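See below for the structure under consideration.
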Amino acid sequence: MDLLNSPTLRIEQRSSQLDYEISAGDTLVGRATQVAGPKPRKGPLSLFGSGLQGARVVVQVSHLDGTPLFYVDRQDAAPVAIVAPDGTLIGRLVEARAQHTPGAGFRAAVHAVLSQAGPAQAHHLMDAYDRPQAMVNWDMRVEGGSENRRWVAVGGTFSVPNGQQIARIDIREAAFKDQYTLHVYDQFLDPLRTLVVAAPLAFDLIRT
């Protein structure tokens, strides 16, 4: 099994730290480990959040033998960058919020307000030249009461510019052990392939 060419990948966070195991079926095919930036809080302090808000963090994705495949680089107020081992930019995960078009009607206006109130409901996968490669539309669910309401992502669909769906992600949120299952429907060339595989980790770092 190959990390970049498997039809299904499972990416599991192992603890409150930014360390992940990547499996294809029951076979471990890679790991992702934080290599730069402050470490998340541990123990009881982690109940108050990771403490990484605003900090730059970099996670390295590698084969089991330690050979790096790419890096996921999150910086404050900037799109998450996907970077090759030689430092070359592969692409970015860029937020795409819904915008209200004047005259589009009351329902569209309400949708626009709600989309701004919650987290980004979609992201673009852009290549190194800021050309759109795909869009990820997230399935969001509101949990909790009026005083502790929060938005939770439960999945997402990847579509290329012509509308074709190329992948699906299912998200299982748990205390410090989020799990992402990526289903890739077809083979496609880089940079799109690497960007799709990197998207779950990029999204996880946004939420950290």
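The values are calculated or read from the model by the stated rules, or taken from the named source; none is laboratory data. Keep in mind that this is a model prediction, so the values were computed, not measured. Here Cβ is always computed from backbone atoms with ideal geometry, including for glycine, and neighbour counts include all displayed protein chains. Each accessible area value is taken on the protein alone, full model and side chains, heavy atoms only, with ligands, DNA and RNA left out. Shrake-Rupley method; radii C 1.70, N 1.55, O 1.52, S 1.80 Å.
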For this session: Obtain the nm distance between the two label points defined at residue 207 and residue 88 by a simple spin-label model: each point lies 7 Å from its Cα along the Cα-to-C-beta direction.
Result: 3.2
For this session: State, to one decimal in nm, how far the label point of residue 187 lies from the label point of residue 142, with both points 7 Å from Cα in the Cβ direction.
Result: 4.5
Exercise. Counting only heavy atoms of protein chains, what accessible area per residue, in Å², does the stretch 150-190 have with a probe of 1.4 Å?
Worked result: 54
Exercise. To the nearest 10 square angstrom, how much accessible area does residue 56 have with a 1.4 angstrom probe?
Worked result: 130
For this session: Could you list the square roots of 5 times each eigenvalue of the Cα gyration tensor of the stretch 121-208, that is, the equivalent ellipsoid semi-axes, sorted largest first and rounded to whole Å?
Result: 26, 13, 12
Problem set entry | Residue order for 151, 138 - accessible surface, 1.4 angstrom probe, largest first | 151, 138
Exercise. Hey, quick one: spin label on residue 28, modelled 7 Å out along Cα-Cβ, who in the stretch 59-73 has an amide N within reach, i.e. under 15 Å?
Worked result: 62-67
